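Below is one structure, written out as structure tokens; the observations come after it.
The values are calculated or read from the model by the stated rules, or taken from the named source; none is laboratory data. Since we're looking at a predicted model, the values are computed, not measured. As a convention, Cβ positions derive from the backbone with ideal geometry for all residues, glycine included, and neighbour counts pool all protein chains shown.
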Amino acid sequence: MERALHPDLAKRIVVVNPANGRNRLDHMSAMALVQGTRRMSAHPVPKDKQQKDVIILDVFGNAACVKIVANTWIDYLHEAKFEGHWVIVNVLWELKPSPPKPAATH
């Protein structure tokens with residue numbers, strides 16, 4: 001993961017406060033993303049539940065826009081060719097809605 005990220009990466013998500021409906025922008029740095037990925041690797045998603053779809057939306061020169069569809073989120077990446085290899089510079093992401101819970105039966 002660390003090799004795939006530019007050190008100045010900005011990963012952001014718009015979060016809505018349920019109490020007042022106001023939006024805020026949460027930010028994650030490259031190091032926070034690397035550390036979070038390490039923590040999550042201790043509890044991997046079972047292979048049959050994994051989703052890792054990668055869609056290259058556009059490439060021009062040293063810039064690219066990529067969509068990642070994972071099992072619980074979607075990432076929109078801005079990538080740049082930096083010192084000869086592609087790195088992720090920006091990420092805007094959204095969580096997928098949680099599936100409805102089955103109704104309790106009595």
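Selection within region 8-45: residues that are at pLDDT 90 or above, surrounded by fewer than 12 Cβ atoms within 10 Å (Cβ to Cβ) and of a type in the set (D, E, K, R). The member of this set that is nearest to W93 (Cα to Cα) is D26. Among the residues of region 56-106, just one is loosely packed, with under 10 Cβ neighbours inside 10 Å, hydrophobic (A, V, I, L, M, F, W, C) and modelled with pLDDT of 95 or more, namely F60. For region 90-105, enumerate the residues that are more than 21 Å from V15 (Cα to Cα) and either among the charged types (D, E, K, R) or in contact (Cβ under 8 Å) with a residue 60 or more places away in the chain (or both). Within region 90-105, just K101 meets the criteria.
Scanning region 4-52 for residues that are touching a residue at least 60 places away in the same chain (Cβ under 8 Å), of a type in the set (D, E, K, R) and over 16 Å from I68 (Cβ atoms) gives a single hit, D8. On the given criteria, is A70 under 9 Å from the mean Cα position of the chain (by Cα) and of a type outside the set (S, T, N, Q)? In short, yes. When you check D53 against the structure, is it of a type outside the set (A, V, I, L, M) and at pLDDT below 90, yes or no? In short, no. Taking the criterion of being part of a strand (DSSP E or B) and free of Cβ contacts under 8 Å to residues at least 12 places away in the same chain, the residues of region 58-84 that qualify are D58, V59, F60.
Checked against (1) assigned to a loop (DSSP other than H, G, I, E, B); (2) surrounded by fewer than 10 Cβ atoms within 10 Å (Cβ to Cβ), D48 passes all but condition (1).
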